Amino acid sequence: MTRSGSCIGISGALKETYHYGYPELDREIWRTAAKHFFKYGASINLGDAQLLFHNQWSAGYYHWLIESMPRLLALRAHWGKLPLLLPARLPNEWFRGWLEEISEGNFQELKRGVTYSSGVFCQRNPRLITDFAPRDLRAISEYFYGYFDIAPMPQSGKKIYITRRAATHRRIFNEPEIISSLENVGFTVVELENMSFPDQVSLFSQASVVVSVHGAGLSNIVFMRPGMKVIELLQKPDPQLTYGTRRKTHLLNPCFKAIASSMGLEHLFVLGDFNPASTSSEVLKKYGSLHGDIRVKIDDITSLL
């Protein structure tokens, strides 16, 4: 087992522990395991079977909330009874205290290198990033509504714009104009990086409209009430924009549309043009153009409100 939560058995990589719908990950898991084994060594655990719920992308908020949380909630009957394996990195520090609480102190942090374990309990990891069941998403919102004592009341009508101005990529080039226009019709601008997880849950449970460029912060739409509206700002597909390490970078990512559909939300989108002038060469090299900055027409947004 690697620190990222991927497991390898006698017959090969265990599909239950990674996104096996992406064939290239098979080789990546083997390479990572071999690299970590030779660099950091191996440890052995012959005690109780352990609870595994995270995957190699769980440090990212989307993968943590939408993929790892349903797997952890499905193991709820074992919390506190079997050791809970904690990932090396968390997307929000609030979760560390919560994980220690629900495990009743019975947790282990995976070490660098490879861990030989006598056994693990885990639920199947999604095959693809959009491979989830509506009941799993509802389980997330229902659990945290209860945990934070958020009453199932009608939304308050809050209109939210999520800014990514603090990010290094996937920003809106003409965001000041967009913010000015949206604030004139009652929108509140939020930087989710500066909010605790409980505050994010509370905020989205009260939202009637959320506008945001494609990004992990939109994962919080899982806490919105059915019937509310999500407007996602996306880069216009362009088959010429395929450079970078990611393949097919000109294709639209449907993950938030799928979440919105599962949660009974209205999902709309606005397409913006790639803005190469404000996108760094480092971003293009690492992520490809889909993670570059875009320019969006204000009227295209306001016409959907």
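Derivation of every value follows stated rules applied to the coordinates shown; laboratory data play no part. Because the structure is predicted, anything quoted here is derived from the model rather than measured. Neighbour counts are summed over all protein chains in view; Cβ atoms, including those assigned to glycine, are modelled from backbone coordinates with ideal geometry.
Points worth noting:
- Surrounding net charge for R171, when Lys and Arg each add one and Asp and Glu each subtract one, Cβ distance under 11 Å: +2
- Near L82, once Lys and Arg are set to +1 and Asp and Glu to -1 for all other residues with Cβ below 12 Å from its Cβ, the sum equals 0.
- Assuming charge only on the beta carbon of Lys and Arg (+1) and of Asp and Glu (-1), the dipole of the chain about its Cα centre is about 860 debye to the nearest 20.
- Computed over the chain, Kirkwood Rh from alpha-carbon pairs, angstrom: 20.7
- Once the Cα atoms are used to define both axes, helix 134-147 deviates from the longest principal axis of the chain by about 90 degrees.
- Computed from backbone phi with θ = phi - 60° and the Karplus coefficients 6.51, -1.76 and 1.60, the 3J(HN,Hα) list for segment 216-231 is 4, x, 5, 4, 5, 5, 4, 9, 7, 7, x, x, 7, 10, 10, 10 Hz; x is used for glycine and proline.
- Long-range HN-HN contacts of F269 with modeled amide H, under 5 Å: E232
- Reachable aspartates and glutamates, given that their alpha-carbon falls under 19 Å from the alpha-carbon of K236 and they are not under 8 places away in the same chain: E175, D273, D293, D299, D300
- Per-residue ³J(HN,Hα) for segment 253-265, Karplus 6.51 cos²θ - 1.76 cosθ + 1.60, θ = phi - 60°, Hz, x for Gly and Pro: 8, x, 4, 6, 5, 5, 5, 4, 4, 5, 9, x, 9
- 222 nm mean residue ellipticity, helices alone, for the chain (DSSP H n ≥ 4; -39,500 (n - 2.57); rounded to 500): -8000 deg cm²/dmol
- In a reduced charge model with +1 at each Lys and Arg Cβ and -1 at each Asp and Glu Cβ, segment 58-173 shows a dipole moment near 600 debye about its Cα centre.
- Under the convention that each Lys and Arg Cβ holds +1 and each Asp and Glu Cβ holds -1, the size of the dipole of segment 158-302 around its Cα centre is about 460 debye.
- Using θ = phi - 60° in the Karplus curve 6.51 cos²θ - 1.76 cosθ + 1.60, the 3J(HN,Hα) couplings for segment 172-187 round to 9, 4, 9, 4, x, 5, 5, 4, 4, 5, 6, 5, 5, 10, x, 7 Hz; x is entered for Gly and Pro.
- Nearest-0.05 FRET efficiency for S11 and E193, computed from C-beta distance (R0 41 Å): 0.45
- In this structure, the amide hydrogen of Y161, modeled 1.01 Å from its nitrogen in the peptide plane, lies closer than 5 angstrom to those of T188, V189, V190, V211, counting only residues at least 5 positions away or on a different chain.
- Under-5 Å amide H pairs with V120, H placed in peptide plane, nonlocal only: Q50
- Under a Gaussian network description of the chain, with springs only between Cα atoms under 10 Å, the residue in N125, N194, N174 that fluctuates furthest is N194.
- Note on the chain: GNM, Cα springs under 10 Å; of G292, G215, G186, the largest mean-square fluctuation is that of G186.
- Choice from L290, L73, L25 showing the highest fluctuation, given a GNM over the chain with Cα pairs closer than 10 Å: L25
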